[in-house]
Structures are given as C-alpha cells and as structure tokens.
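These notes concern the structure reproduced below.
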Amino acid sequence: MTELWRLSAAELLDGYARRAFSPVEATASVLERIAQKDDVLHSFLLVDRDGALAAARRAEATWLQPGEKPLLCGVPVNVMDTIDMAGFQTTYGSLAFKNNFQADAEIVRRLRAAGAVILGKTNTPEFALSGVTRNRLGPPTANPWDLRRTAGGSTGGGAAAVAAGFGPLCIGTDSAGSVRLPAAYVGIFALKPSFQRIPAVQAWRASPARSHNGPITRTVRDTALLMNALAGPHPADPDSARHAPVDYLEFARGNVRGARVALSRDFGRGIALEADQARILDNARAVLTDLGCVVIEDDPPAPAGSDELEPGVWAYSGDHYAAAEALIPNFWERHADDLTDYARPIYEAGRRALAWKYRGILRRDRAYGEAMRGWFADYDFLLTPSNPEAPLLDAPNAADSKRLFGFQAPFNHAYNPAASVPTGLSSDGLPLSVQIVGRLGDDVGTLRLAGLMEAANPWAQRRPPAIDVRASAVAATL
C-alpha cells in the first residue's frame, strides 16, 4: 500500500470512504514521518501528537457511521503559529509571546467543525516579518529540496511541512506574499484568496488591511477543499461579508477557452528576470495558449509612492506595534530585548508612526485597488513571474523583501486572488513557479486556471507528492 503520508487530502477522503484505510492509520503515518524527518527541517514549533490521534479516533468513529461526513473528516492539517489555537502557546514566532495562550481563532474553530486532524503549529519568522523563517525560538526552517536553502517566509514552516509529507494541508497568512513565496520555493501550490474570503477573527492581527489567510497544499483540488471548509462571512469581520458564498470545487468544471490573460514580465519596472524565470514564464505562456487563452503582454498599474511614513518608519509598523501592545501593555519596555534583529527596528518605529500619515497610505492603497479593478476590466487573468530559486539560508539577499515580494505584494493591497503555481525546475534542479492573478472575487476562476495548468504540466504530473527529506539531507552534506 502507498505510504499514507504521501496522499493528498482528496485521496485520503476517498480512501476513508472506501474503508481502504482509516484516519488513525493516516495520522499515525504522518506523525511518524514528522518524528523521523523534522529534526532536519524544523518546520514545526509544536506537534500535538496526543490531540491529533484523539481527533483521528473521533473521525474514524464518524466514518464508521452512516450519513454525511464533515468536509475534512480525518484529514491532517497544519496551522501556522500566527493563528491562535487554544490549549497551546501561540508565539507569533516571538520570544516575547512564548507564554501566550489564546482562545481558538475562527479558522481553528472551522477546522475542528470540519473534522480536520490538527497536527500542530508550524514555524514562522517573528511576527511574520521576513521572507526567511528564522526566529529566536529555534533553528530556521530548511527547504526539503536542499537543506542548505530557505523554505521562504512567512509561512515557511507550513510550506516545508506540506512538501515533505507532514500533512497535505496548511493554513497560513499572506500580507505580502507569505503563502505564495514559500510554496514557490518548495514546489507546491498556494492561494492568497480575495481579501477576507477566509475571515480573520482572533486576538492578534498585525496587518488588518493587508493580511489574507490562505491555503498551502500539494494540489489545486486540496486548496478548494480547504477553502470550502474555511471561507465564508463572520459577523466579527465585516470585510468578510463582501463575498457571496461559493463552492470552490466548481473550479473543476468548465474551461478557459477565450479567456484574456495579460502577461507582465516586470510590472513595467525594467526588472531583469533570471534565465530560468524567463524560461518558466514562457513555458507557462505556451500552456495557456494551448488551453485556448488569448495572451497579451501588458503591465498592471503599480503602487504609487513610498511605503515609508518618514525615513526609517515603515508605513505598516504602527499596525504591528498596536497588535503587540493590545496583548501585552508596555510591550516595548517589557520585551524589546526579546526581539530579533529584523523585528526590533520595525517595532521601535511603530511607536513613532503617525496616524494621520498612515491614513494617507490607506487612501493610497484603496485607490490602487480601484485602479487594479479598472485595469482588469480588459482581462480575466494576469500571468507574472514568481521568484528565482530558493537562496541559501545565510545568503545576504535571502530576506531582501523588495527582491522577494515585488510580484506578490501589490495584490495584498489590491485584494485580488493570486496563486503560486509550480511549473518546473531551475537549472540547479530546484522548484520554480509562476503567479496567476484573477479578478477581485473570482477565486473559483483562479483555481480553475491553476488546475488546468497543473493538469497540462508534465512536470507537475511527474513530481513526487512529497520530497524525500533524507535524500536532501545527504545531498546537502556532499
């Protein structure tokens, strides 16, 4: 029998329905895989073995009874440690919150209601502030394709876990590319949905105007399954009410023949792509043409102005500091020395961020969203590059936000759905992806195009469902 940790969520649900294997067997297989391999990846901050097995036993009992089953009944899932979960510390990747206990976030409540088996909390850079998953809580998360390289950030732990077979599903957060970048680095799929398709209801919210909760999975279908379980309005998040409920599994119906796809190589900025990036982008264009799309080279509008309120004060630093201060009064005085070298200057600046200047940034961002909506009147989708191959963990540019998030971050301001679609390998044998962006609200259409690209891509069909970490560890020592 296939090792159960290799299976997608859809394959697990099919196996449970046929009684080919049970949720307890599948969960035990994943937990054993984590125990054997995560000492080199460092993808988890916490593994709840007892809780996962208890949830699997409940799911198994449910599958033995007649009737409809919850959407994710018995499927193992990982939760990024920026998402509050009752019973365990939620650290947000920070020493300052090592003893922080909160009630379940709405995301976790919905996972439990859907019958998911929550394996634990995955690693994150401090306050999700870096493109490298490094903090003061333990070693950095490594890339399962090459342990010398980063898995990205901020959902780097979750992406590495899914790629390595530590559960088929992860839910993370994305305020500038934080599910899309790690997924691209490890060769799996991620969706940043339209803004607040998945509501954000929890104690800590450091990026309320930019952060999107989004899935990281090995297949497009698994993302649709997770979206069906998690999306939908909540009265405590008014922004979540802007979207009508949909069935994300509808992505598998229909085609994209005649769809107008804009292709932007550099957003009009004159950015030189690396040779592998350009090759992968041209391959993706050919796939879209074969699918019947009309591909037109054009650049979307670019955000105007600077992301600084004044020299040295990042525009969104006040949001971050306010989130910490709300949970720990006098946060700076009590915890400044606990912060990482990259978070400390942001939080120090957040104490000086002026609200009247920040309101100007928010007006700019909303104007940009309207400009993007107008531009999309001529197109159904946008195809862009993603990132070069994952850099070495200690490379000087490994956490360079402008280099990392230049193609992703605009859509955290414009709120469009955007997906990282694995497309092939670099000349060094590392994963590369492209980004597909849809019209605001067209998450199903974005999944449909990504799913058709996945089905048409020979590499996506050949790649293993998870990377063998042991082989990577050996390769890294050569």
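The values are calculated or read from the model by the stated rules, or taken from the named source; none is laboratory data. Everything numeric here is computed off the predicted structure, so don't read it as measured data. Because the Cβ atoms are built from the backbone with ideal geometry, glycine has one as well, and the counts that use them run over all protein chains shown. Areas reflect the complete protein model, heavy atoms only, side chains present, ligands, DNA and RNA absent. Shrake-Rupley method; radii C 1.70, N 1.55, O 1.52, S 1.80 Å.
Relative contact order of region 262-396: 38 percent, from C-alpha pairs under 8 Å at least 6 residues apart in sequence. A crude spin-label estimate for the pair THR2 and ARG366, with each label 7 Å from Cα along the Cβ direction, gives 4.8 nm.
Helical content of the chain, expressed as a calculated mean residue ellipticity at 222 nm, amounts to -11000 deg cm²/dmol (DSSP H runs of 4 or more residues, -39,500 (n - 2.57) each, divided by residue number, nearest 500). Highest mean packing first, where packing is the average number of other Cβ atoms within 10 Å per residue, the peptides 411-417, 343-349, 56-62, 392-398 line up as 411-417, 343-349, 56-62, 392-398.
Take region 58-145 with all the other protein chains still there, run a 1.4 Å probe, and you get 33 Å² of accessible area per residue.
With Cα atoms defining each centre, region 113-161 and region 178-256 are spaced 18 Å apart in the structure. Distance from the Cα centroid of region 381-447 to that of region 1-69 is 30 Å (rounded to whole angstrom). Using the heavy atoms of the protein chains and a 1.4 angstrom probe, tell me the accessible area per residue for region 346-460 in square angstrom. I get 37 Å² per residue for this part.
The length gained by stretching the chain between GLN65 and GLU250 to full extension, at 0.36 nm per residue less their Cα-Cα distance, is 63.8 nm. Please report, as a whole percent, how much of the solvent-accessible surface of the chain comes from carbon and sulfur atoms (probe radius 1.4 Å). Exposed carbon and sulfur together represent 52 percent of the surface. Here the Debye sum runs over all C-alpha atoms of region 91-155 as equal scatterers in vacuum, and log10 of I(q)/I(0) at q = 0.16 Å⁻¹ comes out as -0.65. Heavy atoms of the protein chains alone define the surface here; on that basis region 249-312 has 54 Å² accessible area per residue at 1.4 Å probe size. With a simple spin-label model that places each label point 7 Å from the Cα along the Cα-to-Cβ direction, the separation between ASP341 and ARG359 comes to 3.9 nm. Ranked by the mean number of other Cβ atoms within 10 Å per residue, highest first, peptides 317-324, 377-384 order as 317-324, 377-384. Estimated at 0.36 nm per residue, the fully extended path between ALA455 and GLU348 surpasses their Cα-Cα distance by 33.7 nm.
If the chain linking ILE271 and ASN330 were pulled fully straight, counting 0.36 nm for each residue of separation and taking away their Cα-Cα distance, it would gain 17.0 nm. The DSSP beta bridges internal to the chain are antiparallel in roughly 70% of cases. Values (i) 1.08; (ii) 0.94; (iii) 1.05 are given for comparison; Rg/Rh (Cα atoms, Kirkwood Rh), derived from the coordinates here, is the one labelled (ii).
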